[in-house]
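Novice: One structure coming up, written as structure tokens, with questions to follow.
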Amino acid sequence: MKFRTTIIVSTALAGALAGLSLPAMAQDKTVNVLDWGGAYGQSHQMAYNAPFQEKTGARVVVTDADNPATPIKAMVEAGNVTADVASVEYADAVRMCDEGLLEEIDASTLAPGADGTPAADDFIDGALTDCFVGTDVYSMVLAYDDSRFPDAKPATPADFFDLEKFPGKRTMRKGAKFNLELALLADGVPAADIYSTLETPEGVDRAFAKLDTIKDSVIWWEAGAQPPQLLADGEVSMAYAFNGRIFDAAMGEKKPFKIIWDGQIYEMEGWVMPKGAPNREAALEYIAFSTAPEQLAKAAEHISYGPPRASSASLVGNIAGTDQPMGPHLPTSPDNLAKGFASNLDFWVDHDGELSERFNAWLAG
């Protein structure tokens, strides 16, 4: 018997993380997934959840979170694990794995490449760790409402910080990661020197000093759907946001939004299994299915995040529902890749705690 895929969206995770609970299912094949929601979650629904249900008859139950890593940590520490799979950023996956909060995932259980290459050799560097299987390469990009700047157009990180030449409020993710790098880029630090600069107290001071120059003009966001909405509502003229969310608003909703690829910072996110996942076998089957080359390519057609498998690249076709190729809109396209740099994942594994603490103190001060 096949079951309809069920999507359950939670909007009240904050303040109740330790008690977050997904509905228990009596069926043999149930996969409880923690995801990010919005356009990103919808791409998973189209490329992973619906086809997995069709193939296996399983029930996929999705709960959305602003950052799934937070409830996963709370669940495991409380001994009340109700999620089987979660989508998290790479640095969170490594940190939680080191803390013993995640199950290990054997790469030999994953689908081979489109040409039969073993999964371990088909995924790009860093996409597989002991507890993590990459699903996409996304980036943080600058974006703006084209209608707000009829003449000169912003084009660089420095322009994002230029409130005189490009007036209007900005929106940035509430956190240290990405913002410190952007501040140093805008202050003239070459991309190759960003993390060596942030390794020093003077470099961190320099980044916060640059953020000081626009602090009073920033609306801070926590959910990925917020930046395009803030742009659409006219509350901000420029945003620092996930490229896929801006792309979805521009293409799907015909918003006059433009992406600035100069200075993009790209990173991976992917699946993890919390320690004690209640439906382990079904979760592993879901992870293997959804990270097969064909499924990753299909997801990329629904949202402009690059697949982290070599054999997936040639399988990515047109933007879903159009005759336009998706390739040029991916962070991993050669032209876009040349304008950005990779997030230093090891740096954030080591320094996220201290820099986040300083960011929160700075924000409150």
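The values are calculated or read from the model by the stated rules, or taken from the named source; none is laboratory data. Not measured: the values here are computed from a predicted model. Because the Cβ atoms are built from the backbone with ideal geometry, glycine has one as well, and the counts that use them run over all protein chains shown. Keep in mind that these areas ignore ligands, DNA and RNA; they rest on the heavy atoms of the full protein, side chains included. Shrake-Rupley method; radii C 1.70, N 1.55, O 1.52, S 1.80 Å.
Novice: Considering every residue within the stretch 170-180, establish whether at least one is more than 21 Å from residue 204 (Cα to Cα), at pLDDT 95 or above and surrounded by fewer than 18 Cβ atoms within 10 Å (Cβ to Cβ).
Specialist: no
Novice: Spot the failing condition for residue 136; the list is (1) crowded, with 22+ Cβ neighbours inside 10 Å; (2) farther than 23 Å from residue 184 by Cα; (3) more than 17 Å from the chain's Cα centre (by Cα), and only one is missed.
Specialist: Residue 136 satisfies all of (1) crowded, with 22+ Cβ neighbours inside 10 Å; (2) farther than 23 Å from residue 184 by Cα; (3) more than 17 Å from the chain's Cα centre (by Cα) except (3).
Novice: Right, next: Can you tell me how many residues within the stretch 241-289 are in a helix (DSSP H, G or I), open to solvent by less than 10 Å² (accessible area, probe 1.4 Å) and over 22 Å from residue 58 (Cβ atoms)?
Specialist: Count: 4.
Novice: On to the next question. Among (1) open to solvent by 10 Å² or more (accessible area, probe 1.4 Å); (2) more than 29 Å from residue 319 (Cβ to Cβ); (3) not hydrophobic (A, V, I, L, M, F, W, C), there is one condition residue 115 misses while meeting the rest; what is its number?
Specialist: Condition (2) is where residue 115 drops out.
Novice: Please list, ordered by first then second residue, the pairs with beta carbon atoms under 6 Å, 6 or more apart or interchain, first in the stretch 211-234 and without any contact (Cβ under 8 Å) to a residue 24 or more places away in the chain and not assigned by TED's automatic domain parsing to the domain that holds residue 360, second crowded, with 18+ Cβ neighbours inside 10 Å and assigned to a strand (DSSP E or B).
Specialist: none
Novice: Could you list, in sequence order, all residues of the stretch 82-112 that are among the hydroxyl-bearing types (Ser, Thr, Tyr), farther than 23 Å from residue 60 by Cβ and open to solvent by 30 Å² or more (accessible area, probe 1.4 Å)?
Specialist: 108
Results for (1) under 21 Å from residue 244 (Cα atoms); (2) outside the structural domain of residue 92 (by TED's automatic domain parsing), shown as yes or no for each residue.
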residue: 128; (1), (2): no, no
residue: 142; (1), (2): yes, yes
residue: 158; (1), (2): no, yes
residue: 162; (1), (2): no, yes
residue: 167; (1), (2): no, yes
residue: 170; (1), (2): yes, yes
residue: 176; (1), (2): yes, yes
residue: 181; (1), (2): yes, yes
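Novice: When the stretch 57-81 is examined, which residues are found to be open to solvent by 20 Å² or more (accessible area, probe 1.4 Å) and of a type in the set (Val, Ile, Thr)?
Specialist: Listed by number, the residues that qualify are 70, 76, 81.
Novice: So which residues in the stretch 38-56 are at pLDDT below 95 and either part of a loop (DSSP other than H, G, I, E, B) or open to solvent by 30 Å² or more (accessible area, probe 1.4 Å) (or both)?
Specialist: 38 - this is the single residue of the stretch 38-56 that is at pLDDT below 95 and either part of a loop (DSSP other than H, G, I, E, B) or open to solvent by 30 Å² or more (accessible area, probe 1.4 Å) (or both).
Novice: Is at least one residue of the stretch 191-211 open to solvent by less than 20 Å² (accessible area, probe 1.4 Å), modelled with pLDDT of 95 or more, in a loop (DSSP other than H, G, I, E, B) and farther than 14 Å from residue 344 by Cβ?
Specialist: Among the residues of the stretch 191-211, not one is open to solvent by less than 20 Å² (accessible area, probe 1.4 Å), modelled with pLDDT of 95 or more, in a loop (DSSP other than H, G, I, E, B) and farther than 14 Å from residue 344 by Cβ, which makes the answer no.
Novice: Same structure, new question: In the stretch 290-303, what residues are in a helix (DSSP H, G or I) and among the hydroxyl-bearing types (Ser, Thr, Tyr)?
Specialist: Selection gives 290 alone.
Novice: Same structure again: Can you pull out the residues in the stretch 66-94 that are within 16 Å of the chain's Cα centre (by Cα), more than 16 Å from residue 273 (Cβ to Cβ) and of a type in the set (A, V, I, L, M)?
Specialist: 91
Novice: Do we find that residue 298 is surrounded by fewer than 23 Cβ atoms within 10 Å (Cβ to Cβ), closer than 17 Å to residue 143 by Cβ and out of contact with any strand residue (DSSP E or B) (no Cβ under 7 Å at 6 or more places or on another chain) in this structure?
Specialist: In short, no.
Novice: Here is a further query. Go through the residues of the stretch 217-230 one by one and say whether even a single one is surrounded by 14 or more Cβ atoms within 10 Å (Cβ to Cβ), at pLDDT 95 or above and part of a loop (DSSP other than H, G, I, E, B).
Specialist: Scanning the stretch 217-230 turns up no residue that is surrounded by 14 or more Cβ atoms within 10 Å (Cβ to Cβ), at pLDDT 95 or above and part of a loop (DSSP other than H, G, I, E, B).
Novice: Could you please find all residues in the stretch 315-344 being open to solvent by 50 Å² or more (accessible area, probe 1.4 Å), free of Cβ contacts under 8 Å to residues at least 24 places away in the same chain and part of a helix (DSSP H, G or I)?
Specialist: Once the filter is applied, which keeps residues that are open to solvent by 50 Å² or more (accessible area, probe 1.4 Å), free of Cβ contacts under 8 Å to residues at least 24 places away in the same chain and part of a helix (DSSP H, G or I), the stretch 315-344 yields 328, 334.
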